[in-house]
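The values are calculated or read from the model by the stated rules, or taken from the named source; none is laboratory data. This one's a predicted model, so the numbers in the text were calculated from it and none came from an experiment. Every residue, glycine among them, receives a Cβ derived from its backbone with ideal geometry; neighbour counts consider all protein chains shown. Ligands, DNA and RNA are stripped out before the accessible areas are found, and what is left, the full protein with its side chains, is counted by its heavy atoms. Shrake-Rupley method; radii C 1.70, N 1.55, O 1.52, S 1.80 Å.
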Amino acid sequence: MLGTILRIAVLASGRGSNFQAIIDGIKEKEIDCEIAVLITDNPEAKAIERAKENNIHVEIVDPKLFKNREEMDKKIKQILDKNNVRLVVLAGYMKIIKSKELLDAYQGRIINIHPSLLPAFKSSIRAQQDAFNYGCMVSGLTIHLVTSDVDGGAIIYQEAVDISDCKTGDEAAAKILKCEHKAYRKVVASFAYGAYGVTGKRASFIYYPI
Ligand code: GRF
């Protein structure tokens, strides 16, 4: 892929602070890629405002307009194909990708960030609060490849965050989120130079030949 700019799609359902971190990473030249499209399932997502402020093309794929989730994912795949997307970045995308066709077509090229040290608090939509309530002193974040096993694809990056000083789950979430932004920038940036090969459950980075 060297020689052509990496085109990415970001899928986000809400606030979009990780999306913003990637936008900033590109502006600050840490990430050598371009965001071809923001895809959202939520017409009210704050991520849409962020895209507009940065002249990023937005596609709203409203689940209400599709007879089932397979049809919705088919539409997403069409958008990815049409925009020549190489990397799909899930950033607070609150839907599970159901379509095998989409997962197969973009195998190894869809990533997600989860705010815990997987497999702890796998599939939780409030993983930081759960970690706090459990009394964990350390939680963190995981960036993984997306497969049909929700939050179960090969891990490509993981970082521990000390939450022992946090007084609430929200405080823990905010502390982890700061680390998420830095980590997602780094991992997205790496795709400009290679990809992650998987043996069993273990992933390792493979540089593209120059
Ligand atoms: C993040 O905590 C991310 O780990 C999880 O959803 C949250 C999205 O936040 N998957 P934002 O929309 O990027 O601000």
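Which one of 123, 23, 5 has its Cα pushed farthest toward the positive end of the charge dipole of the chain, where Lys and Arg give +1 and Asp and Glu give -1 at the Cβ?
Projecting each Cα onto the dipole axis, the largest value belongs to 5.
Take the eigenvalues of the Cα gyration tensor for region 45-108, scale each by 5, and report the square roots as semi-axes in whole Å, largest first.
Whole-Å semi-axes of the equivalent ellipsoid: 20, 15, 11.
When all C-alpha to C-alpha distances in region 90-197 are sorted into bins of 10 Å, what percent of pairs does each bin hold, rounded to whole numbers?
All Cα pairs, binned at 10 Å, distribute as 15, 46, 30, 9, 0 percent.
For the chain, what class follows from the C-alpha gyration tensor (a ≥ b ≥ c being the square roots of its eigenvalues): rounded when a/c is under 1.5, otherwise prolate if a/b is larger than b/c, else oblate?
The shape class here is rounded.
Quick one: grab the alpha carbon gyration tensor of region 1-112, order the square roots of its eigenvalues as a ≥ b ≥ c, and give me rounded if a/c is under 1.5, else prolate or oblate depending on whether a/b is larger than b/c.
Note, shape of region 1-112 comes out oblate.
How do 13-24, 160-171 rank on mean C-beta neighbours within 10 Å, highest first?
13-24, 160-171
What list of ³J(HN,Hα) couplings, whole Hz, do you get for region 70-79 from phi and the Karplus terms 6.51, -1.76, 1.60, once you set θ to phi - 60° and write x for glycine and proline?
Each residue of region 70-79 in turn: 4, 5, 5, 5, 4, 4, 4, 4, 4, 5 Hz.
Report, by chain and number, residues whose modeled amide H sits under 5 Å from the one on residue 11, excluding near sequence neighbours (fewer than 5 apart, same chain).
39, 89, 90, 91
Quote the FRET efficiency, to the nearest 0.05, computed for residue 5 versus residue 160 with a Förster distance R0 of 30 Å and r equal to the Cβ-Cβ distance.
Result of the calculation: an efficiency of 0.35.
Please report the carbon-and-sulfur percent of the accessible area for the chain; probe 1.4 Å, protein heavy atoms only, DNA, RNA and ligands left out.
Carbon with sulfur: 53 percent of the solvent-accessible area.
Just to confirm, what accessible area per residue do you get for the chain at 1.4 Å probe, in whole Å²?
Result: 51 Å² per residue.
Once amide H atoms are built 1.01 Å from N in the peptide plane, which residues 5 or more positions from residue 110, or in another chain, come under 5 Å H to H?
Long-range HN contacts for residue 110: 88, 146.
Of all beta bridges DSSP finds with both residues in the chain, what is the antiparallel percent, to the nearest 5?
50
Per DSSP helix of 4 or more residues, -39500 (n - 2.57); summed, then divided by the residues of the chain. What does that give at 222 nm, rounded to the nearest 500?
When only DSSP H runs of four or more count, the value is -10000 deg cm²/dmol.
In terms of modelled amide H atoms, which long-range or inter-chain residues lie less than 5 Å from the amide H of residue 163?
For residue 163, whose amide H was placed from the backbone, the distant partners under 5 Å are 138, 139.
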